[in-house]
Amino acid sequence: MATARGPSYLLSLGRWHRGFGVTPQARALAALVPGVSQVDNKSGFLEKRPHRRHPGVLKLPCVRLPRALADAAQVVLLEHSVPNVEKQVQALTNYLWSRHLPVEPEELQRRAAHLEKKFLENSDSFQTEEKLREAVLHALRKTTYHWQELSYNEGLSLVYMAARLDGIFAAVSRAFHEIQTQLPEFQPKTLMDFGSGTGSVTWAAHSIWGQSLREYMCVDSSSAMLDLAEKLLKGGSENGKLYIPGVFFRQFLPVSPKIQFNVVVSAFSLSELPSRADRTEVVQTLWRKTSDFLILVENGTKAGHCLLMEARDLVLKGKEKSPLDPRPGFVFAPCPHELPCPQLTASKPLACSFSQAYHPIPFSWSKKPKEEKFSMVILARGSPEEANRWPRITQPVLKRPRHVHCHLCCPDGQMQHAVLTARRHGRDLYRCARVSSWGDLLPVTTPSELLPSPVEDPPDS
């Protein structure tokens with residue numbers, strides 16, 4: 001059964017979230033005091049571990065689907081013999097990646113009013129109001145993105161499985177890994193997947209928390225998707241036994257407001273909703289259903305990142321009149337703060353995204369390792385203590401002779417380009433930075449002291 005409350009230890013999430021489950025010495029890894037250019041190399045922060053395994057490393061090795069899932073997907077696709085499947089897979093992949101947010105009605109009205117005013121000022125050829133209206137509509141059609149809702153029937157569901165099953169598994173596995181690494185004692189019993197599609201989230205969750213999870217609630221409006229997900233769990237047959245016990249399928253969210261789940265996931269589903277009002281309603285419902293963690297994942301594009309920041313702000317600023325669970329929310333990952341995203345407020349807004357390598361399902365057209373680029377936000381319930389957080393590395397680390405370039409999102413809500421050297425910042429911090437990767441945390445407690453070096457950015461080539 002779904003739980004109504006989370007375990008009591010989540011009321012003090014700050015202790016493990018900031019401390020990462022390591023000793024106070026680890027937290028003091030790089031307390032860069034002004035005027036002091038190196039770290040105390042005898043502080044013991046690594047606990048006898050090599051630098052490549054420092055406490056901020058979160059990189060996940062190349063992900064591989066469970067053998068049972070990969071085999072079932074191949075069986076299902078061969079059984080249905082979809083025509084031109086490779087071309088359909090590529091077309092759907094490109095469409096989903098390049099998808100923009102739907103234009104809101106208010107924005108359409110604003111554009112129409114602007115065009116009408118522009119036409120009236122620059123031309124006297126509109127004799128009637130009807131001609132003016134036709135001209136405005138024609139201009140809107142040419143300049144407005146035409147968002148369309150996808151109807152996942154049996155055929156499109158199969159193409160979606162071939163195109164996205166493995167990539168979604170990789171992205172969600174990386175998000176789950178973030179929680180598992182920072183909180184190894186967390187053992188969820190219930191999970192709900194909104195927009196469950198072909199069931200990638202269920203398989204990923206089972207791979208990590210299979211020993212503790214007892215209930216998987218898969219919610220998707222498409223009955224064809226639910227049937228396909230169930231078939232994959234049965235090894236590609238109609239009457240087999242479920243590979244993962246405790247999986248339930250439904251087309252609508254649970255009605256009871258008292259039912260909560262330890263982990264609630266929405267992976268690449270908010271982008272399927274037609275308006276901001278619909279997204280707001282869904283995010284609020286998902287947060288009410290969340291006992292411990294709400295995990296949201298979208299494409300690693302500006303559109304996907306904007307969706308997540310919209311949902312993040314909604315949860316952090318939302319105040320229900322009579323919440324059944326009064327515990328506040330905070331950002332567990334990837335942001336080291338609850339302030340506005342500096343990537344979106346920059347002069348040239350960028351998407352905060354991450355990359356996860358994975359081995360695709362070995363179809364005839366897809367055998368080489370791939371990279372899934374995605375954006376994520378993990379929200380948690382609890383009352384974290386006020387403390388410094390480690391900055392997040394938001395771009396690939398540039399390693400150059402005797403110095404390292406790191407682009408950081410810092411606890412003060414600012415982006416920083418830090419250039420670290422062993423001479424200025426100490427051997428340990430320099431070596432930790434050099435072995436860190438995009439998406440890792442840089443174990444430094446006062447990132448504001450990482451002043452940019454006069455060394456210029458070297459060319460990428």
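State which residue is farthest from residue 242 (Cα to Cα) when the search covers only the stretch 191-226 and only residues that are in a strand (DSSP E or B) and touching a helix residue (DSSP H, G or I) at 6+ places or on another chain (Cβ under 7 Å).
That would be 194.
If you go through the stretch 73-90 one residue at a time, do you hit one that is surrounded by fewer than 18 Cβ atoms within 10 Å (Cβ to Cβ), among the small types (Gly, Ala, Ser), at pLDDT 85 or above and part of a helix (DSSP H, G or I)?
Within the stretch 73-90, none of the residues are surrounded by fewer than 18 Cβ atoms within 10 Å (Cβ to Cβ), among the small types (Gly, Ala, Ser), at pLDDT 85 or above and part of a helix (DSSP H, G or I).
Restricted to the stretch 243-261, and to residues that are within 27 Å of residue 281 (Cβ to Cβ) and without any contact (Cβ under 8 Å) to a residue 24 or more places away in the chain, which residue is surrounded by the most Cβ atoms within 10 Å (Cβ to Cβ)?
256
Restricting to the stretch 178-188, name every residue that is buried (at least 19 other Cβ atoms within 10 Å of the Cβ) and either over 20 Å from residue 356 (Cβ atoms) or not polar (S, T, N, Q) (or both).
178, 179, 183, 186, 188
Being within 12 Å of the chain's Cα centre (by Cα), small (Gly, Ala, Ser) and surrounded by fewer than 22 Cβ atoms within 10 Å (Cβ to Cβ) is the requirement here; does residue 355 meet it?
yes
Quick check on the stretch 311-324. Is at least one of its residues open to solvent by 30 Å² or more (accessible area, probe 1.4 Å), modelled with pLDDT of 90 or more and closer than 26 Å to residue 200 by Cβ?
yes
Cβ contacts < 8 Å: first residue within 30 Å of residue 243 (Cβ to Cβ), restricted to the stretch 48-66; second residue in a loop (DSSP other than H, G, I, E, B) and charged (D, E, K, R), any location; separation 6+ or different chain. Result?
58/440; 59/440
I'd like the full set of residues that are small (Gly, Ala, Ser) and part of a helix (DSSP H, G or I), limited to the stretch 53-72.
68, 70, 72
Given (1) in contact with a Lys or Arg (Cβ under 9 Å, 6 or more places away or on another chain); (2) modelled with pLDDT of 95 or more; (3) of a type in the set (A, V, I, L, M, F, W, C), identify the lone condition not met by residue 242.
So residue 242 meets the others, but not (2).
Does residue 403 meet the test of being surrounded by 15 or more Cβ atoms within 10 Å (Cβ to Cβ), of a type outside the set (A, V, I, L, M) and free of Cβ contacts under 8 Å to residues at least 24 places away in the same chain?
No, not satisfied.
Condition first: within 26 Å of residue 76 (Cβ to Cβ), of a type in the set (Val, Ile, Thr) and open to solvent by 10 Å² or more (accessible area, probe 1.4 Å). Can you find one or more residues in the stretch 190-212 that meet it?
Yes, there is a match, as at least one residue in the stretch 190-212 is within 26 Å of residue 76 (Cβ to Cβ), of a type in the set (Val, Ile, Thr) and open to solvent by 10 Å² or more (accessible area, probe 1.4 Å).
Which residue, of 235, 240, is under 21 Å from residue 76 (Cβ atoms), in contact (Cβ under 8 Å) with a residue 24 or more places away in the chain, part of a loop (DSSP other than H, G, I, E, B) and open to solvent by 20 Å² or more (accessible area, probe 1.4 Å)?
Exactly one of 235, 240 is under 21 Å from residue 76 (Cβ atoms), in contact (Cβ under 8 Å) with a residue 24 or more places away in the chain, part of a loop (DSSP other than H, G, I, E, B) and open to solvent by 20 Å² or more (accessible area, probe 1.4 Å), namely 235.
The values are calculated or read from the model by the stated rules, or taken from the named source; none is laboratory data. Bear in mind that the values here come from a model prediction, so they are computed numbers and not experimental data. Neighbour counts run over all protein chains shown; Cβ positions are idealised from the backbone, glycine included. Side chains are part of the model used for accessible areas, which takes the heavy atoms of the whole protein and leaves out ligands, DNA and RNA. Shrake-Rupley method; radii C 1.70, N 1.55, O 1.52, S 1.80 Å.
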